[in-house]
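The values are calculated or read from the model by the stated rules, or taken from the named source; none is laboratory data. Bear in mind the structure is a predicted one, so any value in this text is a computation, not a measurement. Here the Cβ is made from the backbone with ideal geometry for all residues, glycine too, and neighbour counts use every protein chain on show.
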Amino acid sequence: MNKNKRSITAFVKIIPFFACLYLYKYSKNINASGVMIAFSFSEFFISNYLSLIGNIMLKYRIATVDDAGNLIKFFRDLDRDSDFMLLSEGERSNDLENQKNILSKIGLNSTMILCLDESDITGFIVVSRGLYLRNKHLANLVLGVKKNHRNQGVGKSLISHALKWCRENKISQLELTVAVENKSAIACYLSSGFFFSGIRKKSLMIKNHYMDEYYMSRSIE
């Protein structure tokens with residue numbers, strides 16, 4: 001997070017406190033309960049405002065080979081902080097040349113879009129389309145966002161960029177799988193136009209327990 005963003009966040013967060021203090025001290029038509037209600041509404045709107053400001057300051061672009069080193073660090077943090085990625089912590093390759101090779105193959109049949117806070121990768125989305133005449137209209141989506149940037153609209157913005165790429169490449173159907181207990185991701189997908197299309201029983205083993213996945217999909221006009 002850059003200095004400007006930290007300054008804005010710190011300043012805006014104290015607004016509800018001073019606004020409600022002023023109301024309580026100087027308004028004759030509002031009691032303590034009214035102040036608390038006003039404070040709750042203020043916090044709600046301030047929270048949404050900060051998410052908007054944070055998203056404005058973030059940048060989205062297609063990954064390049066030069067991102068290999070930063071991606072290795074990003075995936076290491078992501079695998080450590082999330083129970084819902086396919087790979088567990090320590091399973092993913094940290095080989096730089098291997099990561100460069102993966103990125104060099106991004107082209108007409110796939111893309112990787114990154115979300116960056118300055119040079120720090122905060123989220124990614126990968127879209128991979130079918131390779132044959134009968135399924136090249138169809139693509140699969142994989143999405144991940146770092147813990148401290150979740151619930152701030154990053155996932156939804158990444159999906160929006162992915163949909164734009166799909167339209168430009170004549171992809172008309174997008175699908176994904178998501179762990180049934182990954183509530184925040186499910187909410188993000190539903191708000192982005194995806195719907196439930198099936199269930200994949202016992203497809204994951206998380207903390208020594210089987211977990212189902214939902215199939216989700218959406219059409220692209």
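Which of the residues spanning the range 106-119 are loosely packed, with under 13 Cβ neighbours inside 10 Å and either of a type outside the set (D, E, K, R) or under 13 Å from Ile62 (Cα atoms) (or both)? Spell out the reasoning first.
Let us first name the residues in the range 106-119 that are loosely packed, with under 13 Cβ neighbours inside 10 Å, namely 107-108, 118-119.
Those that are loosely packed, with under 13 Cβ neighbours inside 10 Å and either of a type outside the set (D, E, K, R) or under 13 Å from Ile62 (Cα atoms) (or both): Gly107, Leu108, Ser119.
For the structure I just gave you, tell me whether Asn135 is modelled with pLDDT of 95 or more, more than 12 Å from the chain's Cα centre (by Cα) and closer than 18 Å to Ile186 by Cβ.
no
Looking at the range 71-94, is at least one residue touching a His at 6+ places or on another chain (Cβ under 6 Å), under 18 Å from Arg150 (Cβ atoms) and not aromatic (Phe, Trp, Tyr)?
no
Filter the range 61-76 down to the residues that are part of a helix (DSSP H, G or I) and either of a type in the set (D, E, K, R) or on the phi > 0 side of the Ramachandran plot (or both) and list them by number.
First pass over the range 61-76, keeping only residues part of a helix (DSSP H, G or I): 65-76.
Asp66, Asp67, Lys73, Arg76, listed by residue number.
Out of the residues in the range 126-144 that are more than 14 Å from Ser192 (Cα to Cα) and either in contact with a Leu (Cβ under 6 Å, 6 or more places away or on another chain) or touching a residue at least 60 places away in the same chain (Cβ under 8 Å) (or both), which is surrounded by the fewest Cβ atoms within 10 Å (Cβ to Cβ)?
Gly130
Taking into account only those residues within the range 52-64 that are surrounded by 14 or more Cβ atoms within 10 Å (Cβ to Cβ) and either free of Cβ contacts under 8 Å to residues at least 60 places away in the same chain or not hydrophobic (A, V, I, L, M, F, W, C) (or both), which is nearest to Leu204 (Cα to Cα)?
Tyr60
Conditions (1) part of a loop (DSSP other than H, G, I, E, B); (2) under 16 Å from the mean Cα position of the chain (by Cα), marked per residue:
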residue	(1), (2)
Cys166	no, no
Lys170	yes, no
Thr177	no, yes
Ser184	no, yes
Ser197	no, no
Arg200	no, no
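With the checklist (1) at pLDDT below 95; (2) more than 21 Å from Glu213 (Cβ to Cβ) in hand, flag the one item Ser88 doesn't pass.
(2)
Look through the range 179-221, keep the residues that are exposed (fewer than 13 other Cβ atoms within 10 Å of the Cβ) and of a type in the set (Phe, Trp, Tyr), and return whichever of them is nearest to Gln152 (Cα to Cα).
Among those that are exposed (fewer than 13 other Cβ atoms within 10 Å of the Cβ) and of a type in the set (Phe, Trp, Tyr), it is Phe195.
Residue under question is Leu96, and the condition is that it be aliphatic (A, V, I, L, M), within 22 Å of Leu143 (Cβ to Cβ) and either modelled with pLDDT of 85 or more or loosely packed, with under 14 Cβ neighbours inside 10 Å (or both); does it hold?
no
Across the range 102-124, what is the total count of residues that are out of contact with any Cys (no Cβ under 6 Å at 6 or more places or on another chain), under 19 Å from Lys147 (Cβ atoms) and in a strand (DSSP E or B)?
7
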